[in-house]
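What follows is a set of notes on a single structure, which appears directly below.
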Amino acid sequence: MEQLLELRYDVFCREQGVPEHEEADGRDHDAVHLVAVIGGDVIATCRVLLVGPTAQLSRLAVAAGERRRGIATALLEAAEAEARAGGARRLVLHAQTYARELYDRAGYRTRGRAFMEAGIEHIAMEKTLG
Ligand SMILES: CC(C)(COP(=O)(O)OP(=O)(O)OC[C@H]1O[C@@H](n2cnc3c(N)ncnc32)[C@H](O)[C@@H]1OP(=O)(O)O)[C@@H](O)C(=O)NCCC(=O)NCCS
């Protein structure tokens, strides 16, 4: 947990300027946390919160030096498997619009219009599990 929280702080707060109190939203205790590890170091993470039949994905972050190697795509697959195992029928997330293609390719569809969250443009996306 310590390592993945450090990574989230580096990526969201330091790199993207998200205020620390918005990054730490108090929901970590209720979530399943997925990580990618290389040589003992956490280099990517993603959080899955199960709310009835809906799995909320958030805090997807890959260390700056490890991007564009398919790690986020692999974490999305792992998150989907976790959601299915927990009985979810639907995945939802708020995508940063610049990264929308990542989710498009993983089978997510947009819902509604773009909006601002933590000072960053987002769009709601969802995927129904068959
Ligand atoms: C967004 C992020 C999680 C992507 O991680 P990644 O491991 O590099 O993603 P992948 O390698 O699985 O990318 C798969 C596809 O998603 C799209 N994609 C990924 N990063 C992108 C970017 N910066 N801009 C546009 N499209 C992007 C591309 O289509 C990419 O395929 P390609 O590399 O063949 O072009 C990573 O850049 C990150 O941690 N960014 C900072 C935090 C953040 O924005 N989190 C997402 C919140 S929604």
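The values are calculated or read from the model by the stated rules, or taken from the named source; none is laboratory data. Here the structure is a predicted model, which is why all the values come from computation and not from measurement. So basically every Cβ, Gly included, is an ideal-geometry build from the backbone, and we count neighbours across all protein chains shown. Ligands, DNA and RNA are excluded from the accessible area calculation, which covers all protein heavy atoms including side chains. Shrake-Rupley method; radii C 1.70, N 1.55, O 1.52, S 1.80 Å.
Within the range 42-64, is even one residue over 23 Å from residue 125 (Cα atoms) and in a strand (DSSP E or B)? Yes: one or more hits.
Would the range 31-39 turn up any residue that is in contact with a Ser or Thr (Cβ under 9 Å, 6 or more places away or on another chain), of a type in the set (Gly, Ala, Ser) and open to solvent by less than 50 Å² (accessible area, probe 1.4 Å)?
Keep residues of the range 31-39 that are in contact with a Ser or Thr (Cβ under 9 Å, 6 or more places away or on another chain), which gives 31, 33-36.
With of a type in the set (Gly, Ala, Ser) added as a condition, the list becomes 31, 36.
Subsequent filtering for residues that are open to solvent by less than 50 Å² (accessible area, probe 1.4 Å) retains 31, 36.
Checking the range 31-39: at least one residue is in contact with a Ser or Thr (Cβ under 9 Å, 6 or more places away or on another chain), of a type in the set (Gly, Ala, Ser) and open to solvent by less than 50 Å² (accessible area, probe 1.4 Å).
For the subset of the range 83-104 comprising residues that are more than 16 Å from the ligand (Cβ to nearest atom) and open to solvent by less than 50 Å² (accessible area, probe 1.4 Å), which member is nearest to residue 57 (Cα to Cα)?
From the range 83-104, those more than 16 Å from the ligand (Cβ to nearest atom) are 83-90; that's our starting set.
Add one more test, that the residue is open to solvent by less than 50 Å² (accessible area, probe 1.4 Å), and what stays is 83, 86-88.
Working: 83: 9, 86: 13, 87: 15, 88: 12 Å.
Across the range 83-104, the extreme among qualifying residues is 83.
Restricting attention to the range 65-82, does a residue exist that is within 19 Å of residue 3 (Cα to Cα) and either away from the ligand (no atom under 14 Å from the Cβ) or without any contact (Cβ under 8 Å) to a residue 24 or more places away in the chain (or both)? The answer is yes; a qualifying residue exists.
Any residue at all in the range 29-39 that is part of a helix (DSSP H, G or I), closer than 23 Å to residue 118 by Cα and charged (D, E, K, R)?
Going residue by residue through the range 29-39, those that are part of a helix (DSSP H, G or I) are 29-30.
Pick out the ones that are also closer than 23 Å to residue 118 by Cα and you get 29-30.
Okay, now just the ones that are also charged (D, E, K, R), so 30.
Looking through the range 29-39, at least one residue is part of a helix (DSSP H, G or I), closer than 23 Å to residue 118 by Cα and charged (D, E, K, R).
Set side by side, the residues 35, 51, 92, 42 differ, and just one is of a type in the set (A, V, I, L, M) and without any contact (Cβ under 8 Å) to a residue 24 or more places away in the chain, which is 51. Can you confirm whether the range 65-81 contains a residue that is in a helix (DSSP H, G or I), open to solvent by less than 60 Å² (accessible area, probe 1.4 Å) and farther than 16 Å from residue 34 by Cβ? Within the range 65-81, none of the residues are in a helix (DSSP H, G or I), open to solvent by less than 60 Å² (accessible area, probe 1.4 Å) and farther than 16 Å from residue 34 by Cβ. Residue 22 passes every criterion in (1) under 15 Å from the mean Cα position of the chain (by Cα); (2) within 23 Å of residue 128 (Cβ to Cβ); (3) open to solvent by 70 Å² or more (accessible area, probe 1.4 Å); (4) in contact (Cβ under 8 Å) with a residue 12 or more places away in the chain apart from (2).
Name the residue, out of 83, 88, that is farther than 21 Å from residue 15 by Cα and out of contact with any helix residue (DSSP H, G or I) (no Cβ under 9 Å at 6 or more places or on another chain). Quick ask: steps written out before the conclusion?
Numbers: 88 fails: out of contact with any helix residue (DSSP H, G or I) (no Cβ under 9 Å at 6 or more places or on another chain).
So the residue among 83, 88 that is farther than 21 Å from residue 15 by Cα and out of contact with any helix residue (DSSP H, G or I) (no Cβ under 9 Å at 6 or more places or on another chain) is 83.
The one condition from (1) within 15 Å of the ligand (Cβ to nearest atom); (2) within 13 Å of the chain's Cα centre (by Cα) that residue 32 does not meet is (1). Restricting attention to the range 48-64, the residues that are surrounded by 12 or more Cβ atoms within 10 Å (Cβ to Cβ) and away from the ligand (no atom under 11 Å from the Cβ) add up to 7.
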